[in-house]
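Asker: I have a structure here, written as structure tokens, and I will follow up with some questions on it.
The values are calculated or read from the model by the stated rules, or taken from the named source; none is laboratory data. Not measured: the values here are computed from a predicted model. Cβ: placed from backbone, ideal geometry, glycine included. Neighbour counts: every protein chain shown. Just so you know, the surface numbers come from the protein's heavy atoms only, side chains and all, with ligands and any DNA or RNA stripped out. Shrake-Rupley method; radii C 1.70, N 1.55, O 1.52, S 1.80 Å.
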Amino acid sequence: MQKEILLTLKNASVQYGGIQALNNVTINIDEGEIVALMGPNGSGKTTTLKALFGISSLSSGEVLWQGQKVDPKPYEMVSRGITYVPQGRQVFKNLTVYENLELGGYALPNKSDVKNNIEESLKFFPALREKLSVKAGLLSGGQQQMLTIARGLISDPKVLLLDEPSLGLSPKIVKEVFEKIKEINELRKIAVVIVEHSIKSVLSVSSKVFVLSQGSIAFFGNKEELESGNVLENVFLAKK
Ligand code: ATP
């Protein structure tokens, strides 16, 4: 069966002052797939997520949701079904785990949905259920990362944009985080876009790969095509 294209960045360019962060980038995200977004530091990965979510403005190009052009604004993108989980485990440290989860439902019109969706989200994160009244700042790094992903599920998204979920975590915890992402994708059919430096981790779960180099798409294809070429070596060595 043909999968529906959910989210598209089309011929997008982004400039920060004089810096061209993205140059004519096109990316499609289909329903239920896991997409890897890789590339060296400064190649435009985070900017791509921000452009899709409406945080970084396009100097040219467009964002499409289910084939229709939209004017992306973060609040409205959440209402459409997109969640952005920024890098750096951004939890509200002085709020409890439960209060952090509640904030994930800020765009839901029906507040009883927030409670239900927290219950649904906690099914993936039993360790967080035991810490609901604990201040988020007291959680371990791995638990904080899990909390940001759990919070991203409260708005019941169709697309989850994850910026470097492995950042600063031990290899054992990184493995757990990626297993969780795969589980969420399989059971909830949520499409996931993962910006990642941990190439092995991201390729272990993704079906489609984009590699950015200096703000442009240097490669697009599946994992097998990526591995059969010297794409990563070329892109990463060119950067040095
Ligand atoms: P990293 O892997 O280091 O997170 P990245 O691939 O995510 O990098 P971006 O953060 O998207 O890359 O940055 C792309 C380019 O835009 C870089 O040259 C960066 O310095 C620049 N840039 C990013 N954010 C801003 C900003 N707010 N103001 C000015 N320049 C910025």
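Asker: Loop-only check: which GluC sites (Glu not before Pro) in segment 87-160 are DSSP coil with at most 13 other Cβ within 10 angstrom?
Answerer: Glu130
Asker: Over 18 Å between Cα atoms: which of Lys45/Lys208; Lys123/Lys180; Lys10/Lys69; Lys69/Lys182; Lys111/Lys131 fall into that group?
Answerer: Lys69/Lys182; Lys111/Lys131
Asker: Add +1 for every Lys or Arg and -1 for every Asp or Glu among the other residues with Cβ under 13 Å from the Cβ of Ile217, and state the total.
Answerer: Summing Lys and Arg as +1 and Asp and Glu as -1 gives +3.
Asker: A further question on this structure: Mean separation of Cα pairs under 8 Å and 6+ residues apart, divided by the residue count of the chain: what relative contact order is that in percent?
Answerer: Taking the mean separation of contacting Cα pairs over the length of the chain, I get 27 percent.
Asker: Under a GNM of the chain (C-alpha, springs under 10 Å), which listed residue has the highest mean-square fluctuation: Leu49, Leu138, Leu122?
Answerer: Its mean-square fluctuation being the largest, the pick is Leu138.
Asker: From the phi angles alone, apply the Karplus equation (6.51, -1.76, 1.60; θ = phi - 60°) to segment 70-78 and give each ³J(HN,Hα) in whole Hz, x where the residue is Gly or Pro.
Answerer: Calculated HN-Hα couplings, in order: 10, 9, x, 10, x, 4, 6, 5, 4 Hz.
Asker: Any idea of Phe53's accessible area? Nearest 10 Å², probe 1.4 Å.
Answerer: It works out to around 20 Å².
Asker: Now for a separate question. Just round it to a whole percent: the fraction of Cα-Cα distances in segment 99-161 exceeding 13 Å.
Answerer: 58
Asker: Let me ask something else about it. Does segment 1-83 come out rounded, prolate or oblate by the C-alpha gyration tensor, with a ≥ b ≥ c the root eigenvalues, rounded set by a/c under 1.5 and, if not, prolate when a/b is larger than b/c and oblate if not?
Answerer: Since a/c reaches 1.5 and a/b is larger than b/c, the shape of segment 1-83 is classed as prolate.
Asker: Still on this model: Have a look at Asn116, Ile173, Phe53 and report the one farthest towards the positive end of the charge dipole of segment 41-177, computed about the Cα centre with Cβ charges (Lys/Arg +1, Asp/Glu -1).
Answerer: My answer, from the dipole projection, is Ile173.
Asker: Related question: Could you state the per residue volume, in Å³, of the convex hull enclosing the Cα atoms of segment 152-240?
Answerer: 115
Asker: Right, another one. Top to bottom by accessible area (1.4 Å), largest first, where do Lys200, Lys45, Lys115, Lys135 land?
Answerer: Putting Lys200, Lys45, Lys115, Lys135 in descending order of accessible area: Lys200, Lys115, Lys135, Lys45.
Asker: Something else now. Using DSSP H assignments, which helices in the chain have an axial alpha-carbon span of 24 Å or above and a mean Kyte-Doolittle hydropathy of -0.5 or higher?
Answerer: none
Asker: Determine the shape class of segment 73-132: with a ≥ b ≥ c the square roots of the Cα gyration tensor eigenvalues, call it rounded for a/c under 1.5, and otherwise prolate if a/b is greater than b/c, oblate otherwise.
Answerer: Oblate, since a/c reaches 1.5 and b/c is not below a/b.
Asker: Rounded, prolate or oblate: which one fits segment 19-62, using the alpha carbon gyration tensor with axes a ≥ b ≥ c (rounded when a/c is under 1.5, else prolate when a/b beats b/c, else oblate)?
Answerer: Oblate shape, in that a/c is at least 1.5 and b/c is the bigger or equal ratio.
Asker: Ratio of Rg to Rh for the chain, alpha carbon only, Kirkwood?
Answerer: 0.96
Asker: Now for a different question. Count the net charge of all other residues whose Cβ sits under 15 Å from the Cβ of Leu122, scoring Lys and Arg as +1 and Asp and Glu as -1.
Answerer: Result for the neighbourhood of Leu122: -1.
Asker: Quick one: what does P(r) look like for segment 111-203 with 10 Å bins over all Cα pairs, in whole %?
Answerer: Binned Cα distances yield the sequence 16, 51, 30, 3.
Asker: Determine the equivalent ellipsoid of segment 1-140 by diagonalising the alpha-carbon gyration tensor, then write out the semi-axes as square roots of 5 times the eigenvalues, largest first, rounded to whole Å.
Answerer: So the equivalent ellipsoid measures 31, 19, 14 Å along its semi-axes.
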